[in-house]
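Down below is the structure, laid out as structure tokens.
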Amino acid sequence: MLVLEKNALSEEIESLVNQFGKDRSALLQILQAIQRKHKHISDFAQQEVARMMDIHPVEVNSVISFYSFLYSEPKGRNIVRLCQTISCDMLGKEKIEEAVQRELGITFGQTTKDKRITLEYTNCLGMCDQGPAMLVNEKVYTKLDPETAINILNSIK
Amino acid sequence: MESIKTLNKKRSGPVLFSEYKQGEGVKKALEMGRENILFELKGSGLKGRGGAGFPTATKWMLSAASNSDKKFIVCNADEGEPGTFKDRVLLLEYPELVFEGMIIAGYTIGAKNGILYLRGEYEYMLKSLEDYLELLRKDNLLGINILGKKDFNFDINIRLGSGAYVCGEETALIESLEGYRGEPRNRPPYPVNTGYLGHPTVVNNVETLASVPHILIKGGDWFRKHGTDKSTGSKLFSVSGDCEKPGVYELSWGTSINELLELVEAKNTKAVQVGGASGTCLPKSQFHRVLGYEDVATGGSIMIFNESRNMLKVLKNFMKFFVEESCGQCTPCRIGNTKLLEAVEKIENDDFTFLYINNLKELGRTMQVASKCGLGQSSPNSFISILENFKDEIFGSKGKGRKNG
């Protein structure tokens with residue numbers, strides 16, 4: 001990471017800490033904001049959060065490792081999460097799964113080479129009456145068939 | 001995608017989906033005063049709708065009685081149980097009920113702050129919910145001296161989860177709000193005394209809070225008319241799986257599984273999983289049983305499986321879910337779920353003895369008593385009920401659950 005980038009990130013975290021407060025109860029909100037923008041929370045970002053909130057970096061890391069929507073490793077620009085719960089499974093999740101993997105040339109858990117998309121599984125999205133469902137970043141798509149799923153993935157940058 | 005603005009309210013039902021005008025509930029509550037609210041609520045017999053079924057009036061009374069300068073109302077919108085989506089419908093189509101329930105709770109126990117803990121998967125609702133809160137502020141249903149009531153100040157903010165099923169457990173949810181890993185706490189102390197940041201906190205399910213305005217307007221006795229003696233009122237059921245009409249249904253407690261199946265036009269039904277992955281799986285012979293705290297208790301998830309489904313595959317899906325979502329804090333749940341999943345895989349590969357299976361059922365029963373929170377206490381339910389209720393399919397001579405079967 002360049003020094004300039006580091007400085008920019010530090011400034012950004014500082015403004016987040018100012019916005020949400022230095023109290024421990026603000027930690028998750030701050031991490032979510034970093035995650036939203038950078039798609040992961042780097043070691044440096046974790047250390048900066050810890051320093052500014054006056055807690056041990058291990059505490060920050062342990063919170064990140066607990067929540068499945070927070071990552072400490074770099075991910076793609078878009079995170080696509082396919083629901084793997086039984087209701088979506090019964091409505092044809094496997095077909096979507098196969099089509100998406102074939103189209104992108106990666107398997108679930110991987111990121112495309114151009115860093116455009118990371119594929120993940122997720123548990124129940126609360127769309128069991130309209131499955132199969134998937135989340136693209138925070139947006140939810142329902143009643144998917146392989147073709148619409150691919151079209152959605154092709155439309156994101 | 002659904003959004004608050006474009007949706008016409010076409011639903012109808014006995015309680016939650018009945019007529020309601022925004023602001024009515026709060027207005028009535030302020031006229032009634034704290035004691036009468038608690039009295040009406042107690043009379044209604046309303047119990048927690050998340051699944052555990054704790055009497056709501058008792059929870060409110062306990063925290064109303066606690067002495068503290070700060071109290072909190074938390075709305076648990078961390079709906080993560082597989083097959084549950086009723087809170088999605090309430091939050092998108094009936095936000096007024098949920099928020100007014102929170103305001104009334106705040107008034108009753110003397111809290112100034114409300115927090116809606118919205119699961120990370122529902123982040124797409126955040127904008128419309130925030131907009132709705134803004135409208136409530138404009139109408140003085142939130143803010144200072146609400147509806148002219150001197151010294152009644154209350155506001156709500158929304159906090160997001162980050163994809164952890166266990167945070168639906170109330171103490172784990174509080175840990176998460178406090179910026180920690182969402183690991184359940186030992187109870188007691190209960191949140192009604194020692195909750196968020198150590199202050200008395202009421203944590204209620206979305207559906208529980210949404211029932212409150214209706215109860216105050218129409219009365220506890222009216223609420224009691226629906227349902228049964230021990231399970232008063234109505235319940236939202238999230239129906240999915242093999243049926244013609246999946247979706248959210250509001251039905252009186254005491255409805256039988258058979259009646260429900262008919263309503264949603266399910267055919268050739270082999271099994272009904274009641275209460276999500278942590279619930280029980282009922283075979284045909286038990287479809288006469290009724291939904292309610294006295295018979296089949298549930299948070300509302302109903303998953304329907306027809307004759308073509310492989311129950312062992314269903315069970316494997318559930319056990320994988322619990323292995324992923326166990327927080328790992330206590331051993332019975334962390335190791336137990338892994339062992340149960342291993343057993344399902346062994347049955348699949350036809351590599352087991354009945355001694356081994358019986359030992360694992362015993363392990364399941366140990367988990368039910370030894371786990372720290374509801375997750376580990378209820379995760380063996382589907383393992384035990386599926387292996388017992390569908391043993392012919394899984395272990396019988398035609399066992400299609402097995403590879404070589």
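State which residue is nearest to the other protein chains (Cβ to nearest Cβ) when the search covers only segment A:35-61 and only residues that are in a loop (DSSP other than H, G, I, E, B) and surrounded by 16 or more Cβ atoms within 10 Å (Cβ to Cβ).
Applying the filter and picking the extreme gives A:Ile55.
For segment A:34-67, which residues satisfy the criterion of being among the small types (Gly, Ala, Ser) and either assigned by TED's automatic domain parsing to the domain that holds A:Leu104 or free of Cβ contacts under 8 Å to residues at least 24 places away in the same chain (or both)?
Residues satisfying the conditions are A:Ala50, A:Ser62, A:Ser65.
Could you list all residues from segment B:59-70 that are surrounded by 15 or more Cβ atoms within 10 Å (Cβ to Cβ) and either acidic (Asp, Glu) or in a helix (DSSP H, G or I) (or both)?
Within segment B:59-70, B:Lys59, B:Trp60, B:Met61, B:Leu62, B:Ser63, B:Ala64 qualify.
How many residues are within 19 Å of the chain's Cα centre (by Cα) and among the aromatic types (Phe, Trp, Tyr) if we restrict to segment B:206-239?
1
I need the full set of residues from segment B:17-46 which are under 12 Å from B:Ile215 (Cβ atoms) and touching a Gly at 6+ places or on another chain (Cβ under 9 Å), in order please.
Answer for segment B:17-46, where residues must be under 12 Å from B:Ile215 (Cβ atoms) and touching a Gly at 6+ places or on another chain (Cβ under 9 Å): B:Gly25, B:Phe39, B:Glu40, B:Leu41, B:Lys42, B:Gly43, B:Ser44, B:Gly45, B:Leu46.
Would you be able to say whether some residue in segment A:64-80 is of a type in the set (Val, Ile, Thr) and closer than 27 Å to A:Leu144 by Cα?
Yes - at least one qualifying residue is present in segment A:64-80.
Looking only at residues in segment B:155-169 that are assigned to a helix (DSSP H, G or I) and not hydrophobic (A, V, I, L, M, F, W, C), which one is farthest from the other protein chains (Cβ to nearest Cβ)?
Out of the qualifying residues, it is B:Gly168.
If B:Arg137 passes every condition in (1) within 11 Å of chain A (Cβ to nearest Cβ); (2) surrounded by fewer than 20 Cβ atoms within 10 Å (Cβ to Cβ); (3) not small (Gly, Ala, Ser) but one, which one does it miss?
Here B:Arg137 meets the rest and fails (1).
Is there a residue being under 18 Å from the mean Cα position of the chain (by Cα), closer than 30 Å to B:Lys27 by Cβ and not acidic (Asp, Glu) anywhere in segment B:161-172?
Within segment B:161-172, not a single residue is under 18 Å from the mean Cα position of the chain (by Cα), closer than 30 Å to B:Lys27 by Cβ and not acidic (Asp, Glu).
Mind listing just one residue for me: the one in segment A:119-155 that is under 15 Å from B:Glu123 (Cβ atoms) and polar (S, T, N, Q) and, of those, surrounded by the fewest Cβ atoms within 10 Å (Cβ to Cβ)?
Ranking the candidates gives A:Asn137 first.
Which condition number in (1) buried (at least 22 other Cβ atoms within 10 Å of the Cβ); (2) out of contact with any Phe, Trp or Tyr (no Cβ under 7 Å at 6 or more places or on another chain); (3) in the same structural domain as B:Glu93 (by TED's automatic domain parsing) is the one that B:Ile217 fails?
In the conditions (1) buried (at least 22 other Cβ atoms within 10 Å of the Cβ); (2) out of contact with any Phe, Trp or Tyr (no Cβ under 7 Å at 6 or more places or on another chain); (3) in the same structural domain as B:Glu93 (by TED's automatic domain parsing), B:Ile217 misses (1) alone.
So that you can scan it fast, the table gives a plain yes or no per residue for (1) more than 30 Å from B:Val323 (Cβ to Cβ); (2) surrounded by 22 or more Cβ atoms within 10 Å (Cβ to Cβ); (3) at pLDDT 95 or above; (4) charged (D, E, K, R):
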| position | (1), (2), (3), (4) |
| --- | --- |
| B:Thr255 | yes, no, yes, no |
| B:Asn258 | yes, no, yes, no |
| B:Glu265 | yes, no, yes, yes |
| B:Ala271 | no, yes, yes, no |
| B:Val290 | yes, no, yes, no |
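Is there a residue in segment B:71-91 that is touching a Pro at 6+ places or on another chain (Cβ under 8 Å), over 25 Å from B:Ser378 (Cβ atoms), modelled with pLDDT of 95 or more and assigned to a loop (DSSP other than H, G, I, E, B)?
The answer is yes; a qualifying residue exists.
Return the only residue of B:Thr232, B:Thr228, B:Thr269, B:Thr255 being touching a residue at least 12 places away in the same chain (Cβ under 8 Å), under 29 Å from B:Lys27 (Cα atoms) and β-branched (Val, Ile, Thr).
Only one candidate passes the filter, namely B:Thr232.
Report yes if some residue within segment B:128-138 is out of contact with any helix residue (DSSP H, G or I) (no Cβ under 9 Å at 6 or more places or on another chain) and in contact (Cβ under 8 Å) with a residue 24 or more places away in the chain; otherwise report no.
Within segment B:128-138, one or more residues are out of contact with any helix residue (DSSP H, G or I) (no Cβ under 9 Å at 6 or more places or on another chain) and in contact (Cβ under 8 Å) with a residue 24 or more places away in the chain.
Could you tell me whether B:Leu147 is assigned to a helix (DSSP H, G or I), more than 9 Å from chain A (Cβ to nearest Cβ) and in contact with a strand residue (DSSP E or B) (Cβ under 7 Å, 6 or more places away or on another chain)?
When the stated conditions are applied, B:Leu147 does not pass them.
For segment B:37-46, check the following and say yes or no: at least one residue is over 27 Å from B:Phe85 (Cα atoms), aliphatic (A, V, I, L, M), assigned to a helix (DSSP H, G or I) and at pLDDT 95 or above.
Within segment B:37-46 (the criterion being over 27 Å from B:Phe85 (Cα atoms), aliphatic (A, V, I, L, M), assigned to a helix (DSSP H, G or I) and at pLDDT 95 or above), the answer is yes, since at least one residue qualifies.
Given the conditions (1) of a type in the set (A, V, I, L, M); (2) within 14 Å of chain A (Cβ to nearest Cβ); (3) in contact with a helix residue (DSSP H, G or I) (Cβ under 6 Å, 6 or more places away or on another chain), and given that B:Ala343 satisfies all but one, which numbered condition is not satisfied?
Exception for B:Ala343: condition (2).
I'd like to check something: does segment A:23-34 contain any residue that is assigned to a helix (DSSP H, G or I), among the hydroxyl-bearing types (Ser, Thr, Tyr), at the interface with chain B (Cβ under 8 Å from one of its Cβ atoms) and farther than 30 Å from B:Arg309 by Cα?
yes
The values are calculated or read from the model by the stated rules, or taken from the named source; none is laboratory data. On a predicted model such as this, the values are computed, not experimentally measured, just so you know. All Cβ positions, even for glycine, are placed from backbone atoms using ideal geometry, and neighbour counts span all protein chains on display.
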